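Q: Could you have a look at this structure, given as structure tokens, before my questions?
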Amino acid sequence: MDAATLKKHNRWQWRIIISLMIGYALFYFVRKNLSMAIPAMEAELGITKVQLGIFMTLNGIIYGASRFFNGYLADRFSRRKIMSLGLLLSALINFAIAFSPKMNGVMHLLDAEGKATMGLVYLIGSLWLVNGYVQGMGVPPCMSLLAHWVRPKELPTKQAIWNTSHSIGAGLVVVLCGFLLRHYGYSAWNLCFIVPAAIALMGVPIIFFGVKDDPAEVGLPPVEKMDEDASSKEKPLSKALQKKIMLKMVFQNPIIWILAIANFCMNVIRGTILDWGGTFLVQDKGFEIAVAGTVIGSCELVGGILGMLVSGWATDKFFGHRAHRTCLVCMVLTTICFALFWGSGGMASTIIFLILSSFFIYGPQALYGTCASMQCTKYAAGTGNGILGILGYLSTLVSGMWFGSVASSALGWNRVYIYVIGFGVLGSIIIALIWNVPADGYAKVEKIIKEAGE
């Protein structure tokens, strides 16, 4: 590889990574804003935790299915177009939620006391379900784009860098919403949707104009050929061979299903902290709402970002690019830290152990997708991550609806904490099953291609 080609590749690679980081962080502005709006919507509209938990559960299920469907599309069509359209639609849906009570004159949405009727509950819930689908247009294009632009041996570190966009977006939006509610009061709950949506719209042109679907669009060789002659051209695969690779590397690959189940357990923990953190810090630990928002923001911006970066670096430095090994270590440590959070009494120790829980949970959160991309290779990275998405967001059946019901019952938040720890133990055992598998699946793909004679 000549120096000029390498320099051009590096310049384009970082342009893609940065554009995707900005774009996907803004997806979180119009997705995780609901978690901070929950206490205000309870107080102002009378919508219960069980109803809100149902919203989050169904949203997560649809989101997971959408990630699978859009993962399949991302392996075949323009990734930048899919992602930019998803962000645009999500922002518009958030505006619709914010102004939905204004439709009370058309539909019976508010009662005489200004509380939500079941009509408003169904309207907001339906809009949030649609939001779940369009949010699923975010991750699959990113995973496929990164697999096309980053060499396999660099993917753990650089995908972990991109993955910080999750925490940047989630952290900033909970701090923003906490600030809005503190200064304008719970009656301004709709600002938690209006302001993030307005900001998210700015990301649409960044994705659409800042991203290229693959290196060939700018005259560069495929990433797995970067260490060979720069003139190396990628031979198109037949549709029959593409289907065979998809079948072998995704649907018939036991590693992918193990990763998917482990991802389910991880998302139970992450979803509990991110979706209910502001609520249980206020209701169980006695924090003021703005302080709770700052703590959850710190879980994302401090714990999450550092956790992702350290896990990616550690994977390449100590684990020979085997991201699944890093995931096991992180799952064990996050389970321990969450148990310590549960038992903590003082404010300082509560905050420290919750942030540490986020620090370690965001290792697997960043790397399970990396594992899937590396095992499925660039040929099926979107679909493989779609499988993880389906099982991962079925976790909202647990962290959303079930935990909302448990927390509202006499069992309270203490029982929720016990269940979270249990899922941490289970997830650690499951991911340990693939400790010895190779770092990636490119050798398997090459074998499939040779056997097909292409």
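The values are calculated or read from the model by the stated rules, or taken from the named source; none is laboratory data. Since this is a predicted model, take the numbers as computed values, not measurements. Glycine also receives a Cβ, built like all others from the backbone with ideal geometry; neighbour counts cover every protein chain displayed.
Q: Output the residues belonging to the range 317-337 that are touching a residue at least 40 places away in the same chain (Cβ under 8 Å) and of a type in the set (Val, Ile, Thr).
A: Thr326, Val332, Thr334, Thr335
Q: Scan the range 1-28 residue by residue and report those that are in contact (Cβ under 8 Å) with a residue 60 or more places away in the chain and among the basic types (Lys, Arg).
A: Lys8, Arg15
Q: Of all residues in the range 421-451, how many are within 19 Å of Met246 (Cβ to Cβ) and either at pLDDT 95 or above or small (Gly, Ala, Ser) (or both)?
A: 2
Q: For the range 189-222, which positions are charged (D, E, K, R) and not in a loop (DSSP other than H, G, I, E, B)?
A: Glu217 - this is the single residue of the range 189-222 that is charged (D, E, K, R) and not in a loop (DSSP other than H, G, I, E, B).
Q: Could you count how many residues in the range 252-269 are within 18 Å of the chain's Cα centre (by Cα), farther than 15 Å from Ile421 by Cα and among the β-branched types (Val, Ile, Thr)?
A: Matching residues across the range 252-269 total 2.
Q: Exactly one condition in (1) under 21 Å from the mean Cα position of the chain (by Cα); (2) farther than 30 Å from Met41 by Cβ is not met by Leu88; state its number.
A: (2)
Q: Now for a different question. Using the structure shown, decide if Arg31 is outside any helix (DSSP H, G or I), touching a residue at least 40 places away in the same chain (Cβ under 8 Å) and under 18 Å from the mean Cα position of the chain (by Cα).
A: For Arg31, the condition - outside any helix (DSSP H, G or I), touching a residue at least 40 places away in the same chain (Cβ under 8 Å) and under 18 Å from the mean Cα position of the chain (by Cα) - is met.
Q: Can you find even one residue in the range 357-370 that is crowded, with 24+ Cβ neighbours inside 10 Å, within 21 Å of Gly389 (Cβ to Cβ), touching a residue at least 12 places away in the same chain (Cβ under 8 Å) and touching a Phe, Trp or Tyr at 6+ places or on another chain (Cβ under 7 Å)?
A: Among the residues of the range 357-370, not one is crowded, with 24+ Cβ neighbours inside 10 Å, within 21 Å of Gly389 (Cβ to Cβ), touching a residue at least 12 places away in the same chain (Cβ under 8 Å) and touching a Phe, Trp or Tyr at 6+ places or on another chain (Cβ under 7 Å), which makes the answer no.
Q: Now for a separate question. Return a yes/no flag: does the range 53-70 have any residue that is part of a helix (DSSP H, G or I), modelled with pLDDT under 90, more than 16 Å from the chain's Cα centre (by Cα) and of a type in the set (Ser, Thr, Tyr).
A: No, the range 53-70 contains no residue that is part of a helix (DSSP H, G or I), modelled with pLDDT under 90, more than 16 Å from the chain's Cα centre (by Cα) and of a type in the set (Ser, Thr, Tyr).
Q: Any idea how many residues of the range 426-454 are in contact (Cβ under 8 Å) with a residue 60 or more places away in the chain and loosely packed, with under 13 Cβ neighbours inside 10 Å?
A: Qualifying residue count for the region: 2.
Q: Still on this structure: Within the range 41-100, take every residue that is hydrophobic (A, V, I, L, M, F, W, C) and in contact with a Pro (Cβ under 6 Å, 6 or more places away or on another chain) and give me the one that is nearest to Gly400 (Cα to Cα). Lay out the reasoning, then the answer.
A: Filtering the range 41-100 for residues hydrophobic (A, V, I, L, M, F, W, C) gives 41, 43, 45, 47, 50, 52, 54-56, 58, 61-62, 65, 68-69, 73-74, 77, 82-83, 85, 87-89, 91-93, 95-99.
Checking which are in contact with a Pro (Cβ under 6 Å, 6 or more places away or on another chain) leaves us with 74, 82-83.
Numbers: Ala74: 28, Ile82: 27, Met83: 26 Å.
So, considering only residues that are hydrophobic (A, V, I, L, M, F, W, C) and in contact with a Pro (Cβ under 6 Å, 6 or more places away or on another chain), the one nearest to Gly400 (Cα to Cα) is Met83.
Q: Yes or no: the range 313-322 includes at least one residue that is surrounded by fewer than 19 Cβ atoms within 10 Å (Cβ to Cβ) and either polar (S, T, N, Q) or within 18 Å of the chain's Cα centre (by Cα) (or both).
A: No.
Q: How many residues are among the hydrophobic types (A, V, I, L, M, F, W, C) and under 30 Å from Gly23 (Cα atoms) when one looks only at the range 89-120?
A: Adding up the residues that qualify gives 9.
Q: Still on this structure: Could you check, for the range 140-163, whether at least one of its residues is of a type in the set (Phe, Trp, Tyr), within 13 Å of the chain's Cα centre (by Cα) and part of a helix (DSSP H, G or I)?
A: yes
Q: Where in the range 399-454 are there helices (runs of 4 or more DSSP H), lying fully within it, with 2 or more residues that are closer than 30 Å to Ser344 by Cα and over 22 Å from the mean Cα position of the chain (by Cα)?
A: 403-408, 412-431
Q: In the range 72-118, how many residues are at pLDDT 80 or above and part of a helix (DSSP H, G or I)?
A: Here the count works out to 27.
Q: Could you list, ordered by first residue, the pairs with Cβ atoms under 7 Å in which the first is in the range 186-212 and buried (at least 20 other Cβ atoms within 10 Å of the Cβ) and the second is outside any helix (DSSP H, G or I), at least 6 apart or interchain?
A: These pairs meet every condition: Pro196/Val30; Ala197/Val30; Ala200/Val30.
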